[in-house]
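The values are calculated or read from the model by the stated rules, or taken from the named source; none is laboratory data. Just so you know, these numbers come straight off a predicted model, no measurement behind them. FYI the Cβ positions are ideal-geometry reconstructions off the backbone, even for glycines, and counts take in every protein chain you see. What goes into the accessible areas is simple: the full protein's heavy atoms, side chains included, and nothing from ligands, DNA or RNA. Shrake-Rupley method; radii C 1.70, N 1.55, O 1.52, S 1.80 Å.
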Amino acid sequence: MGSFIIEGRNSLEGIVDIGGSKNAALPILASTVISGREYLLENIPDIEDVKDMLEILQDMGCTVQHDNGVALIDTRGLNTSQVPEKLVRKIRSSIILMGAVLQRTGNVEIAYPGGCEIGLRPIDLHLKGLRKLGVEIIEKSGLLVGKVTEPSGCEIQLDYPSVGATENIMLFAVGIPGKTVIYNPAKEPEIVDLQNFLNTCGYSVSGAGTGSIIIEGKKPENTDTVEYKIISDRIEAGTYLSAASSMKSKIYIRNIEKSHFKSITSIYEDAGCEIRETHGTIVISNKGRIKAVEKVTTQPYPGFPTDMQAQFMASMATADGISIIEETVFDSRYKHVPELQKMGANITTIGRVAVVEGVHKLYSAEVEAKDLRGGAALVIAALGAEGTSKINNIYHINRGYEKFVQKLQNIGAVITET
């Protein structure tokens with residue numbers, strides 16, 4: 001699975017160019033199967049999860065070319081409604097193919113998705129929404145088997161603003177008769193990006209980013225090649241911000257919409273980092289030990305993202321004071337804690353709450369990435385630790401970070417991949 005070797009306590013300074021959003025690219029890639037046509041997508045991140053999604057499309061008969069951030073996809077050759085089980089179990093976002101394939105073929109067979117082991121992530125809201133729109137879904141031999149029976153738009157009230165459920169409902173509803181309204185949808189920028197992409201394809205979606213999404217079902221008349229550019233990755237940007245906060249640093253983050261990660265920057269401003277914007281570039285400066293942030297709770301957008309919880313914890317591990325972190329989105333997202341403790345972090349967890357008492361410094365250790373964001377947290381900790389650390393099982397990290405080693409080296413980190 002590979003390892004990172006990191007020599008700690010080197011100042012960070014330089015420019016980081018943020019890549020395309022993982023969490024926007026994956027549902028947009030899935031949505032290309034809705035209609036058989038050609039798509040030219042820009043700002044596609046070169047990460048393992050994207051490679052797995054593209055492989056799924058190829059296995060289902062689509063033609064894919066991907067190079068240097070650009071993907072050319074032709075879905076006219078889609079020849080099955082069965083999503084390859086082996087790949088689905090590797091990548092959580094593959095479940096979004098359920099709504100897309102149902103819209104294209106009227107049927108689907110798909111396994112329960114895999115990805116990081118960060119606790120229960122039930123898909124009951126996905127299934128409930130699709131059933132209300134006229135899909136019969138049963139479980140058979142460990143697979144979800146769906147069949148479109150009487151599709152019709154309707155009103156759907158989500159009990160929780162689930163990103164995946166919102167996306168699955170959108171991808172199925174765009175092409176069925178009538179109007180669908182999703183109340184209490186996810187409001188993430190990635191949902192807005194999916195809406196914008198679908199509208200570029202000729203569908204009719206409005207309201208993304210607000211308390212309701214309205215979908216007027218129709219089939220696009222124009223089947224010309226669709227060209228679209230994916231938004232940049234706010235979680236990648238936040239991860240570099242976290243790294244900068246952990247040591248003396250001054251980094252410039254380019255190619256990011258500041259409003260997309262305001263909940264992240266505001267927390268680090270509270271901790272004592274200087275963050276400003278100049279000519280479209282976010283400049284982050286840290287001259288010494290940051291202050292602990294008394295209480296942070298992960299919440300759906302626009303709240304503090306669960307995908308930044310681990311990285312934030314790593315930066316608070318050496319902050320001055322005590323921080324309390326409450327994880328409300330997932331029930332098992334503290335697997336990085338024992339690894340941080342090996343490096344000298346003083347962290348106590350009680351259920352969904354973590355109490356982090358900042359220490360003056362962390363020390364090198366050999367640790368293991370248990371999931372994507374937890375792995376990134378270990379990189380942040382190792383960058384600020386005394387000595388040389390080894391992080392194993394970096395496959396998880398490479399699932400979501402493009403050119404991670406190169407970008408860190410460009411800002412002064414001493415890191416190699418083995």
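Taken over the stretch 204-223, the criterion of being open to solvent by 70 Å² or more (accessible area, probe 1.4 Å) and part of a loop (DSSP other than H, G, I, E, B) is satisfied by K218, K219, E221, N222, T223. The residues of the stretch 193-203 that are open to solvent by less than 40 Å² (accessible area, probe 1.4 Å) and not charged (D, E, K, R), listed by number, are L194, Q195, F197, L198, C201, G202, Y203. Among the numbered criteria (1) over 17 Å from A25 (Cα atoms); (2) out of contact with any strand residue (DSSP E or B) (no Cβ under 8 Å at 6 or more places or on another chain); (3) crowded, with 20+ Cβ neighbours inside 10 Å, which one does V174 miss? Single failed check for V174: (2). Can you pull out the residues in the stretch 23-48 that are touching a strand residue (DSSP E or B) at 6+ places or on another chain (Cβ under 7 Å) and of a type in the set (D, E, K, R)? Across the stretch 23-48, the qualifying residues are R37, E38, E42.
The criterion of being touching a residue at least 12 places away in the same chain (Cβ under 8 Å), crowded, with 19+ Cβ neighbours inside 10 Å and assigned to a strand (DSSP E or B) does not hold for I324.
Just one of the listed residues (S11, S31) is in contact (Cβ under 8 Å) with a residue 24 or more places away in the chain, polar (S, T, N, Q) and out of contact with any Gly (no Cβ under 7 Å at 6 or more places or on another chain), namely S31.
Entry remark, the stretch 177-188: residues being in contact (Cβ under 8 Å) with a residue 40 or more places away in the chain and either in contact with an Asp or Glu (Cβ under 6 Å, 6 or more places away or on another chain) or open to solvent by 10 Å² or more (accessible area, probe 1.4 Å) (or both) number 3 in total.
Within the stretch 238-247, is even one residue modelled with pLDDT of 95 or more and either under 23 Å from R37 (Cβ atoms) or open to solvent by 10 Å² or more (accessible area, probe 1.4 Å) (or both)? No: zero hits. What single numbered condition from (1) over 17 Å from P300 (Cβ atoms); (2) of a type in the set (G, A, S); (3) in contact with a strand residue (DSSP E or B) (Cβ under 7 Å, 6 or more places away or on another chain) fails to hold for G129? Result: G129 fails condition (1) only. Every condition in (1) open to solvent by less than 10 Å² (accessible area, probe 1.4 Å); (2) closer than 20 Å to V83 by Cβ is met by L158 except one, and the failing one is (2).
Given the structure, is S259 closer than 26 Å to P45 by Cα, among the small types (G, A, S), open to solvent by 20 Å² or more (accessible area, probe 1.4 Å) and modelled with pLDDT of 95 or more? In short, no.
Within the stretch 1-51, if we keep just the residues that are among the hydroxyl-bearing types (S, T, Y), farther than 12 Å from H66 by Cα and over 14 Å from the mean Cα position of the chain (by Cα), the residue that is surrounded by the fewest Cβ atoms within 10 Å (Cβ to Cβ) turns out to be S11. When each of I267, I253, I235, I284 is tested for being touching an Asp or Glu at 6+ places or on another chain (Cβ under 6 Å) and touching a residue at least 40 places away in the same chain (Cβ under 8 Å), the lone residue that passes is I235.
Scanning the stretch 78-101 turns up no residue that is of a type in the set (D, E, K, R) and modelled with pLDDT of 95 or more. Of the numbered criteria (1) on the phi > 0 side of the Ramachandran plot; (2) at pLDDT 95 or above; (3) open to solvent by 30 Å² or more (accessible area, probe 1.4 Å), the one H279 fails is (2).
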